[in-house]
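The values are calculated or read from the model by the stated rules, or taken from the named source; none is laboratory data. This structure is a prediction, so every number in the text was calculated from the model and none was measured. Virtual Cβ from ideal backbone geometry, glycine too; neighbours counted across all protein chains shown. When the accessible area is computed, the model is the full protein with side chains, heavy atoms only, and any ligands, DNA or RNA have been set aside. Shrake-Rupley method; radii C 1.70, N 1.55, O 1.52, S 1.80 Å.
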Amino acid sequence: MLQFVCFGSGSSGNCSYVSNGTDAVLIDAGIGIRRLKRYIREYGLKTSILRGVLITHDHSDHIKAAGYVSNDLNLKVFTTAAVHEGMRHYYHTMRKVEASHDVNIEKGVTFELGTTLKVTAFPLPHDATDNVGFCIESADGDTFCVMTDIGAPTEEVNAYISKANYLMIEADFDVEMLKNGPYPQYLKKRITSGTGHLSNDQTAQVLADNFHEGLRHVWLCHLSEQNNHPELARKTVEQKLRQYGIIAGVDFELDVLKRHVVSGPWTEESEK
Ligand SMILES: [Zn+2]
Ligand SMILES: [Zn+2]
């Protein structure tokens, strides 16, 4: 059984909860602690089984509440040494993660959380200090992969989509909306570069290229407020996959995560 709730997704703040009923993790800590605690209460999520916070990278929308979250919920913070270092130097945070809560992880080295989760971080080319996606394998056979703030499709992106039963993947912008939108030129250049974000088209293509029968649910995340629209992101992915004979809603479930409010909770029964 897999339970997934997203508390917010995109440049205003990212934070999600993934659980198999025995062990749970938070992914990123970019929404305020009061909001997070309220959501946890409202949705009846168990904090007693939370084993830590996984941090993807040191951009503020992913880390700004990390100190509060780790201290208030007494959670260890798992990320690479370079991201921990970046978080210490991020001066907008009122509260830092205490050193005793830091856990350094290495890309490609699997570690255990609780008794039923195995987690592996893998590199993504996005332009933070260091940037990772996570593959979370549950003892009941489910594999949940998260790749937000990607930049460009890579071998690792392909490999982990191929492993995932559940996938949270960035679809940041629509090419035309960004081109015609209000962002300054340098920002447009950054976003479309290989170390920025993935467009709807890129995400659609990488999903089509790596789709497999075991992939049961895809959540599009980190949509730009100015340069994307949930229906457009969904349609772009649906249409591309249909060209490959893969039908959303039939062959797999497709959802778009909301920016400012909770998406889910989804509860998925294990098939293995
Ligand atoms: Zn981000
Ligand atoms: Zn980022």
Legend entry - Size of charge dipole - the chain - debye, nearest 20, with Cβ of Lys, Arg +1 and Asp, Glu -1, no other charges: 900 debye
Legend entry - Heavy-atom surface of the chain, accessible at 1.4 Å and reported per residue (Å²): 42 Å²
Legend entry - Within the accessible area of the chain (1.4 Å probe), percent carbon and sulfur: 49 percent
Legend entry - 13 Å Cα-Cα reach of LYS189 towards aspartates and glutamates, excluding residues that sit fewer than 8 places from it in its own chain: ASP127
Inset, instruction - Run the numbers on segment 221-272 and let me know its relative contact order in percent, using alpha-carbon pairs under 8 Å that are six or more apart. - result: 40 percent
Inset, instruction - Determine how many Å³ per residue the convex hull of the Cα atoms of the chain encloses. - result: 116 Å³
Inset, instruction - Rounded to the nearest Å, what's the spacing between the alpha carbon centres of segment 218-239 and segment 20-92? Just the number, please. - result: 25 Å
Inset, instruction - Would you kindly derive the ³J(HN,Hα) couplings of segment 41-53 from the backbone phi angles with the Karplus curve 6.51 cos²θ - 1.76 cosθ + 1.60 (θ = phi - 60°), listing them in order in whole Hz, with x for Gly and Pro? - result: 5, 4, 9, x, 7, 7, 8, 5, 9, 5, 9, x, 10
Legend entry - Calculated FRET efficiency for the pair THR47/GLU98, C-beta based, R₀ 22 Å, to 0.05: 0.75
Inset, instruction - Can you figure out the FRET efficiency of ILE247 with THR129, using R₀ = 35 Å and their beta-carbon distance, to the nearest 0.05? - result: 0.30
Inset, instruction - Quick one: divide the alpha-carbon radius of gyration of segment 7-71 by 2.2 N^0.38 Å and tell me what you get. - result: 1.02
Legend entry - Most fluctuating residue given options ILE191, ILE161, ILE150, as computed from a GNM of the chain linking Cα atoms under 10 Å: ILE191
Legend entry - FRET efficiency, ASP209 to ARG38 (Cβ-Cβ, R0 25 Å, nearest 0.05): 0.05
Inset, instruction - Multiply the residue separation of ALA82 and HIS260 by 0.36 nm, subtract the distance between their alpha-carbon atoms, and state the gained length in nm to one decimal. - result: 61.2 nm
Inset, instruction - Treat every Asp and Glu Cβ in segment 160-227 as -1 and every Lys and Arg Cβ as +1, leave all other atoms uncharged, and give the resulting dipole magnitude about the Cα centre to the nearest 20 debye. - result: 220 debye
Legend entry - Sequence-distant residues sharing a close amide H with LEU198 (under 5 Å, placed H): ILE150, GLY151, ASP172
Legend entry - Computed lengthening from SER162 to ASP72, 0.36 nm per intervening residue step minus Cα-Cα distance: 28.8 nm
Legend entry - Nearby lysines by direct alpha-carbon distance to LYS163 (threshold 23 angstrom, same-chain neighbours under 8 apart not counted): LYS107, LYS118, LYS240, LYS272
Legend entry - Hz values of 3J(HN,Hα) by residue in segment 166-182 - Karplus curve (6.51, -1.76, 1.60), Gly and Pro given as x: 10, 9, 9, 9, 5, 9, 6, 9, 9, 4, 5, 5, 5, 4, 9, x, x
Legend entry - Longest to shortest principal axis, alpha-carbon extents of segment 54-208, angstrom: 46, 40, 21
Legend entry - Relative contact order, percent, the chain [alpha-carbon distance under 8 Å, six or more residues apart]: 19 percent
Legend entry - Distance in nm between pseudo-label sites at GLN226 and THR22 (7 Å out along the Cβ direction from Cα): 4.7 nm
